[in-house]
Amino acid sequence: MELTIIFLREYLESIDIDNHLKSTLYAIANGAILVQEKVDRLSIDGHTGATGDINVQGEVVQKLDELGSQIFLDCFRTSQSVSIVGCEELENPEIISQDPNLCIVNMDPVDGSSNIDVSVSIGSIFGIWPSTNLNEITNKSLLLAGKQQIAAAYVVYGSNTIMVIATEKGVSGFTLDNQCNEFILTHPIISLPDSCTYYSVNYSNWDQFSSNTKSQLEELQKTSSLRYVGSLVADFHRNLLKGGVFLYPSGKLRLMYEANPLTFVMKKAGGSATNGNENILDIVPKELHERTPLFIGNTKEVNKFTIG
Ligand code: AHG
Ligand code: MN
Ligand code: MN
């Protein structure tokens, strides 16, 4: 059976969402095509390895982290649809415009940095909020709860490149056709399967896990298979398509540009996420780079994990 070709831009034109949101999602797609080109040519162009800088997280900045960050920022500036961007690699947000009708974006431009130089799947993650009701855009304007998001998107640069978009209209996936440099609708409706096929955890952190986490993992290993890539976005994507739960209980992951966007996607697909205590989307953020424990996937499994 032949696939009816629907380009991302046609899809965006066809759905009833805010025009600035459409432009923002299109800007992400344009940026992802440019990042994918960098990923493909990393070793050839000498873009492997670290820049020599340490980011606000205290983590080593890879050359691709910096390139990705600049590429997406440029795309948002050009789109004229984004007022302010929070980014993992920037200590302070980048204010682009004071227009209160534009979108607020928090992004992890390159997720899975430890996998960049070893040809393993990596990705990009974006949460999108409205900037309505703000008199003035300041560095604090993007400190909004996850439940106020109007959309989220992520890209996986893997065995192929896929962009997944979640809006009020649902969750859909678009595969990059390298021959025409266009994203094509390949996964019209993504919905989380009921069964928890996989569970994903870094077992080397076992000694830090609570007794609840340890006993729930012992139960999960009887019924589900372990898969752990080490790139959140790739682990998340597999579990979203196949059913599963991802956990990082120690609080390494970031609320605003990792947990919130992926929880928005998961919720729209039928699952949920908590920090072991409350729903991720209910957390009121205190700062752009704050970290959170994360349990995300099939609600039945997620709710078994609690942190006292
Ligand atoms: P980033 O590359 O954006 O800093 O994120 C890395 C994160 C996430 O992608 C992944 O789930 C986690 O770090 C892996 O951590 P461990 O290597 O400790 O398992
Ligand atoms: Mn990340
Ligand atoms: Mn990152």
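The values are calculated or read from the model by the stated rules, or taken from the named source; none is laboratory data. Since the structure is predicted, the reported quantities are computational estimates derived from the model, not experimental observations. Neighbour counts are summed over all protein chains in view; Cβ atoms, including those assigned to glycine, are modelled from backbone coordinates with ideal geometry.
Summary table below
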{"item": "Scope region 215-234; condition among the polar types (S, T, N, Q) and either buried (at least 17 other Cβ atoms within 10 Å of the Cβ) or assigned to a helix (DSSP H, G or I) (or both); matching residues", "result": "S215, Q216, Q221, T223, S224, S231"}
{"item": "One residue from H237, H289 being under 23 Å from P109 (Cα atoms) and either outside any helix (DSSP H, G or I) or in the same structural domain as V156 (by TED's automatic domain parsing) (or both)", "result": "H289"}
{"item": "Qualifying residue in region 160-177 (condition: modelled with pLDDT under 95, surrounded by 13 or more Cβ atoms within 10 Å (Cβ to Cβ) and either not aromatic (F, W, Y) or not assigned by TED's automatic domain parsing to the domain that holds A27 (or both))", "result": "yes"}
{"item": "Region 240-257 - residue that is part of a strand (DSSP E or B) and within 11 Å of ligand 1 (Cβ to nearest atom) and, of those, farthest from the chain's Cα centre (by Cα)", "result": "S250"}
{"item": "Test result for N260, surrounded by fewer than 20 Cβ atoms within 10 Å (Cβ to Cβ), outside any loop (DSSP other than H, G, I, E, B) and not acidic (D, E)", "result": "no"}
{"item": "Number of the condition not met by G230 [criteria: (1) closer than 24 Å to K267 by Cβ; (2) within 16 Å of ligand 2 (Cβ to nearest atom); (3) in contact with a helix residue (DSSP H, G or I) (Cβ under 8 Å, 6 or more places away or on another chain)]", "result": "(1)"}
{"item": "Test for K267: is it away from ligand 3 (no atom under 16 Å from the Cβ) and either assigned to a helix (DSSP H, G or I) or free of Cβ contacts under 8 Å to residues at least 40 places away in the same chain (or both)", "result": "yes"}
